[in-house]
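Visitor: Shown below is the structure under consideration.
The values are calculated or read from the model by the stated rules, or taken from the named source; none is laboratory data. Since the model is a prediction, treat every value here as computed from it, not as a measurement. Neighbour counts are summed over all protein chains in view; Cβ atoms, including those assigned to glycine, are modelled from backbone coordinates with ideal geometry. In case anyone asks, the SASA skips ligands and DNA or RNA and just uses the protein heavy atoms, side chains included. Shrake-Rupley method; radii C 1.70, N 1.55, O 1.52, S 1.80 Å.
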Amino acid sequence: MLSSQPQTPTSDPAFDLSLTRTLVPLKDMSESHLRDLLSHSQAEVAFAGQTLFRAGEYDRQHLYLLHGDILLTDRQGAETRIKGRSTLMPLAHQQPRPVTAVAETDCSILRIDSERLDQLLTWSQVSDYLQLNVARERDLDEDIEWMTTVLRSNLFFKVPPLNVEQIFYRLKPRVVHTGETIIRQGEIGDCCYFIKEGEAEVHRHGEGGWTHLADIGPGRCFGEDALVNDAPRNARVRMLSDGVLMVLDKQDFYRLLKAPEVPTVPLATLPEARARGAVLVDTRSEEEYSAQHLSQAVNIPLSLLAIKSRLLAEDVEYLCYCDTGRRSRATAHLLRQQGYRAQALNDAPALFGDPQWAEQFEDPAPYVLKEGRACREPS
């Protein structure tokens, strides 16, 4: 019933945050989101001679080489050797796999579900964007702490990133008083609560009577089981002080699970978009952009959008892209809220995985924004 904290990663050294948070793009995630991701990930040992994946496979996983040596071989037989910690990027993670990966020595591998990584990464970065905006609003100073805690709650990790901001519009305030019982054990609930102000105590009734489970304060959530199943309340929560609760109704929670529509441009019309002067915006990390990006594209990582959006111009068309479409749609959505002409490029995975688009990557030079338009960065 109490909001569960992210699971603690396994004690395997591969999950040491000081190590994993240097990986790309994991380093751009908040600690709470990274811990949740790692709690659903797998550290493993690959023995010399073992094949990790084959060219042409779809495995929808990010594999990171932590220790050891890997041999990558493409379909033409060209070989590339990767030594542990020589790269912070995932191993040839395009789908289908462009190469075959074989362990040359015993290796330590971190295996992560690509879909979960992408969702939590985008969620984390949209959350950071909102926290910066909240911090700028002086009349919200007293709300920063509890709002930040709400954004880090794993209760909402399944909510589409584009709906993160909507969470606060769905929460309704309720004034409560000392001694007031908010939920009763055994009843069927239809909402959950976040504590904005005040303290509460949690008790559970068993064979030996009432047992004190915890005292909880601002930012903590309780009663969230009502949002995900119809099980009776498994504890009683009573206020220890006067306070304010933010209430989320079950139906409002379900509405948060439906992602809003974002205007997109078909990948097939990319040359036309270039011809009409649309500025291409790569919303991935600086490291991902440096490794490969569309010719003449500028880099505005979603993680830095709150800072870099001021470099844009309202009369320019911006076409956002990434390698999955999730970060680019979030960026386009947030920019449109600010009044910019932004759309997302559709079919993003094909852009990076289909050879027919290789010519769109011919110019590796970095570009920057100048008066809202893309200019080649001075060497």
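Visitor: Given GLY208, GLY223, GLY217, which one is more than 25 Å from ASP347 (Cβ to Cβ), open to solvent by less than 30 Å² (accessible area, probe 1.4 Å) and without any contact (Cβ under 8 Å) to a residue 24 or more places away in the chain?
Guide: Only one candidate qualifies: GLY217.
Visitor: Also, quick follow-up: Mind telling me which of the residues ILE167, ILE183 ends up being in contact with a helix residue (DSSP H, G or I) (Cβ under 8 Å, 6 or more places away or on another chain) and touching a residue at least 12 places away in the same chain (Cβ under 8 Å)?
Guide: ILE167
Visitor: Next question. Would you point out which residue out of SER379, SER328, SER290 is more than 30 Å from ARG75 (Cβ to Cβ) and of a type in the set (Ser, Thr, Tyr)?
Guide: Result of the check over SER379, SER328, SER290: SER379.
Visitor: Regarding region 22-40, can at least one residue be identified that is among the polar types (S, T, N, Q), farther than 30 Å from ASP230 by Cα, open to solvent by 30 Å² or more (accessible area, probe 1.4 Å) and modelled with pLDDT of 95 or more?
Guide: No; the residues of region 22-40 include none that is among the polar types (S, T, N, Q), farther than 30 Å from ASP230 by Cα, open to solvent by 30 Å² or more (accessible area, probe 1.4 Å) and modelled with pLDDT of 95 or more.
Visitor: Same structure, new question: Give region 220-245 a look and list any residue that's part of a strand (DSSP E or B) and within 25 Å of the chain's Cα centre (by Cα), or say none.
Guide: CYS221, PHE222
Visitor: Now for a different question. From the residues in region 310-325 that are farther than 27 Å from ARG116 by Cβ and open to solvent by 10 Å² or more (accessible area, probe 1.4 Å), which one is farthest from the chain's Cα centre (by Cα)?
Guide: ASP315
Visitor: Can you tell which of LEU130, LEU162 is within 28 Å of HIS40 (Cα to Cα), touching a helix residue (DSSP H, G or I) at 6+ places or on another chain (Cβ under 7 Å) and in contact (Cβ under 8 Å) with a residue 40 or more places away in the chain?
Guide: LEU162
Visitor: Follow-up. Among the listed residues ALA348, ALA297, identify the single one that is surrounded by 20 or more Cβ atoms within 10 Å (Cβ to Cβ), at pLDDT below 95 and small (Gly, Ala, Ser).
Guide: ALA348
Visitor: Please determine, by comparing only the residues of region 246-301 that are touching a Phe, Trp or Tyr at 6+ places or on another chain (Cβ under 7 Å) and part of a strand (DSSP E or B), which one is nearest to GLY372 (Cα to Cα).
Guide: VAL279
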